[in-house]
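Asks: Pasting a structure here, questions to come.
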Amino acid sequence: MKRPVANYQPSAATLRRYGLLLDQYLGLVDHQRGECKICREKPPNGNLVIDHDHTSREIRGLLCQTCNFKVGHLDSINGQLEKFTAYLANGSGYFVPLAKKKTIVGHAKRWGNY
């Protein structure tokens, strides 16, 4: 199997923390085609971080830094995800009014610069 071009390799300490050998990490990179497991984008720097379940310690996959950050926040609301999803899906029926456009002339006159 041809390996994707990897600009990034985790440190030996990171690999030890997750109990992985470099070949195993690169196998995950191959399996995911060098893409983040969530957004399916290839990070420009090739940096895919190891995501794991903090309770079971199971490695879930490799993520880009943005998705890893988001998953970290989702983990902290574990058990409430349905509530957040319902909140985002259902509006209140009230809308924020559109802001009036300010003209440069009006703005400048107000400050005495025109």
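None of the figures in this text is laboratory data; all of them are computed from the coordinates on show. All values derive from a computational prediction rather than experimental measurement. All Cβ positions, even for glycine, are placed from backbone atoms using ideal geometry, and neighbour counts span all protein chains on display.
Asks: Taking Cα atoms of the range 1-77, Rg/Rh with Kirkwood Rh, to two decimals? It would help to have the intermediate numbers written out before the result.
Replies: Details: Rg = 12.1 Å, Rh = 12.8 Å.
Rounded to two decimals, Rg over Rh is 0.95.
Asks: According to a simple spin-label model (label point 7 Å from Cα along Cα-to-Cβ), what is the distance in nm between residue 99 and residue 69?
Replies: Here the modelled spin labels are 2.3 nm apart.
Asks: Where does the charge balance sit around residue 38 when Lys and Arg score +1, Asp and Glu -1, over other residues with C-beta under 10 Å from its C-beta? Please report the intermediate quantities before stating the final value.
Replies: Details: positive: 37, 40, 60, 70; negative: 35, 41, 51.
Net local charge, residue 38 excluded: +1.
Asks: Continuing with the same structure: Provide the gained length on full extension for the span residue 53 to residue 92, in nm with one decimal, where the gain is 0.36 nm per separating residue minus the Cα-Cα distance.
Replies: Numbers: separation 39, 0.36 × 39 = 14.04 nm, distance 3.47 nm.
Here the answer is 10.6 nm.
Asks: Turning to a different aspect of this structure: Looking at the range 17-89, which trypsin sites (Lys or Arg not before Pro) are in a loop (DSSP not H, G, I, E or B) and have at most 13 other Cβ atoms within 10 Å? Show your work: numbers first, answer last.
Replies: Details: sites: 17, 33, 37, 40, 57, 60, 70, 83; in loops: 33, 37, 40, 57.
In loop regions of the range 17-89 (DSSP not H, G, I, E or B), the sparsely surrounded trypsin sites (Lys or Arg not before Pro) are 33, 40, 57.
Asks: Relative to the present Cα-Cα distance, how much length would full extension add between residue 80 and residue 13 at 0.36 nm per residue of separation?
Replies: Details: separation 67, 0.36 × 67 = 24.12 nm, distance 3.35 nm.
Extra length from residue 80 to residue 13 when fully extended: 20.8 nm.
Asks: Residues with beta-carbon under 13 Å from that of residue 52, excluding residue 52: net charge, scoring Lys, Arg +1 and Asp, Glu -1? Intermediate results must be reported in sequence, preceding the final value.
Replies: Working: positive: 17, 37, 57, 60; negative: 51, 53, 58, 75.
Here the charged neighbours net out to 0.
Asks: On to the next question. Name the aspartates and glutamates eligible as straight-distance cross-link partners of residue 42: C-alpha to C-alpha under 17 Å, and not fewer than 8 places from it in the same chain.
Replies: Output for residue 42: 30, 51.
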